[in-house]
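The values are calculated or read from the model by the stated rules, or taken from the named source; none is laboratory data. Just so it is clear, the structure is predicted and the values come from calculations on it, not from any experiment. As a convention, Cβ positions derive from the backbone with ideal geometry for all residues, glycine included, and neighbour counts pool all protein chains shown. Each accessible area value is taken on the protein alone, full model and side chains, heavy atoms only, with ligands, DNA and RNA left out. Shrake-Rupley method; radii C 1.70, N 1.55, O 1.52, S 1.80 Å.
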Amino acid sequence: MLTVDFSRFPLAAGDRVLDLGCGAGRHAFECYRRGARVVALDRSSEEIREVAKWFAAMKEAGEAPAGATATAMEGDALALPFPDASFDVVIISEVMEHIPDDKGVLAEMVRVLKPGGRIAVTVPRYGPEKVCWALSDAYHEVEGGHIRIYKADELLRKMEEAGLKPYGTHHAHGLHSPYWWLKCAFGVDNDKVLPVRAYHKLLVWDIMKKPLATRLAEQALNPVIGKSFVAYATKPHAPAGAFDGDTEGTAPAEELV
C-alpha cells in the first residue's frame, strides 16, 4: 500500500533514493523495483533487519532490474550519515508527526538532497487525525506516538522555510480513515471486535485484489477523508553567483550503494 503516487513523483532508473524512516519498507521496495539505488534508513534495528531480508528475497526472485541496488541501515534522521547532495530523491512517509524537531529533520533531508532533487513528505491529514485523537488518548499518547497534527499549509510553510519548492499535493487512503476511527472507538489494541475485524478484512481484500469498485470509492473519498496528506517538492538549484567559491564544510556526493 503506497502513499506516494509515483505518477506525480517521477523516479528514474539509477536514481539514488533515501527512504527516511522506512518502517516496513513499502516505498523502498517500490523504488527498488523501479530500478533505483535505494537506501532504507530507520531507527528501529528490528525493522531494518526485516527490510534487509526482503531486499535479499527480491534480488533472489529477480524483482529488481539490473543496476538497481538496495541497502537497509539503522540511523538517526537528525544526523544522517551521508555527505551533502548525496541523493536524487528523498521520501519520508508518516514519520514527521513522531519527531519533536521536525525542522531539524527537514534541514537534514534538504542537506543530503541534490539541487534539482525531489522530495515526498506524507503525514496524517488534519481532519481524520483530529477525529482519532478525540476518540482515543491511547491512539497518540504512547511512546513514539504522534506528537502533533499538521495542517496542510503549516507543513508546506515548513518545507518552504527549509529551502524546498512544493509543486503538488493530494490526499490518500480514504478507505482507511473509517478503519482507524473504529479502532479508536473500540480500543486501539482491540482487534477482535466485529466491526474492526470486518473492516480490516475489507482493507486486506482491497489491497490484494484491487477491485474497481473500491478503487473508485477511494478516489471519491480521498479529497474528503483521505487519511494521509502528501506533498511533493524540489530543491532549487542555487542561483548563479550565490556562492563565493568557499566550499568549506561541504563534501562531495559519494557512492553509497
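Structure above, values below:
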read-out: Hits in segment 203-237 - residues which are open to solvent by less than 70 Å² (accessible area, probe 1.4 Å), of a type in the set (S, T, N, Q) and in a helix (DSSP H, G or I); value: T214, N222
read-out: Test set (1) of a type in the set (K, R); (2) in a helix (DSSP H, G or I); (3) crowded, with 18+ Cβ neighbours inside 10 Å - K59 fails condition number; value: (3)
read-out: Flag for P10 being open to solvent by 60 Å² or more (accessible area, probe 1.4 Å) and under 19 Å from A120 (Cα atoms); value: yes
read-out: Output for segment 185-211, where each listed residue is over 30 Å from R8 (Cβ atoms) and either touching a residue at least 40 places away in the same chain (Cβ under 8 Å) or of a type in the set (A, V, I, L, M, F, W, C) (or both); value: A185, F186, G187, V188, D189, V193, L194, V196, A198
read-out: The one condition in (1) within 20 Å of R8 (Cα to Cα); (2) among the charged types (D, E, K, R); (3) at pLDDT 95 or above that R215 fails to fulfil; value: (3)
read-out: Contacts under 6 angstrom Cβ, first residue in segment 111-131 being more than 17 Å from K158 (Cβ to Cβ), partner part of a loop (DSSP other than H, G, I, E, B) and among the polar types (S, T, N, Q), 6 or more apart; value: V112/S86
read-out: Matching entry among A185, A138, A120, A107 (being exposed (fewer than 14 other Cβ atoms within 10 Å of the Cβ) and either in a loop (DSSP other than H, G, I, E, B) or small (G, A, S) (or both)); value: A138
read-out: Residue list for segment 68-102, restricted to those being assigned to a strand (DSSP E or B) and open to solvent by 10 Å² or more (accessible area, probe 1.4 Å); value: T69, A70, T71, A72, M73, E74, D88, S93
read-out: Filter pass, A64 being farther than 28 Å from T169 by Cβ and buried (at least 16 other Cβ atoms within 10 Å of the Cβ); value: yes
read-out: Filtered residues of segment 19-49 (kept if among the hydrophobic types (A, V, I, L, M, F, W, C), out of contact with any Cys (no Cβ under 8 Å at 6 or more places or on another chain), without any contact (Cβ under 8 Å) to a residue 40 or more places away in the chain and open to solvent by less than 10 Å² (accessible area, probe 1.4 Å)); value: none
